Amino acid sequence: MPRDTSFAREAAATLLRMAKTTKDPQVASGLIQRAADLKDRTGESPSVDIEAIVEEPAKPLTKN
């Protein structure tokens, strides 16, 4: 796998994780769009159901 593709995949995954943790739907939407843009640039389809992420209520972060 080319280095750029690997970086783009990691960045997209990070953006999706960030989108799951935010309570602001506009911020989540922007992060998801950026992740989709990165996936488009690499020629890969998203491995995560983006619509399911948007519809899920945000889970609060807890420290153990």
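What follows draws every value from the coordinates through simple rules; no lab data is involved. Being a predicted model, the structure only gives us computed values, none of them experimental. Using ideal geometry, Cβ is built from the backbone for each residue, glycine included, and neighbour counts are taken over all protein chains shown.
What to note about this one:
- Rounded to the nearest Hz, the phi-derived 3J(HN,Hα) couplings of the stretch 21-26 under the Karplus curve 6.51 cos²θ - 1.76 cosθ + 1.60 (θ = phi - 60°) are 8, 7, 9, 8, x, 5, where x marks glycine and proline.
- For the peptides 24-30, 13-19, residues were scored by their other Cβ atoms within 10 Å and the scores averaged per peptide; the highest-first order is 13-19, 24-30.
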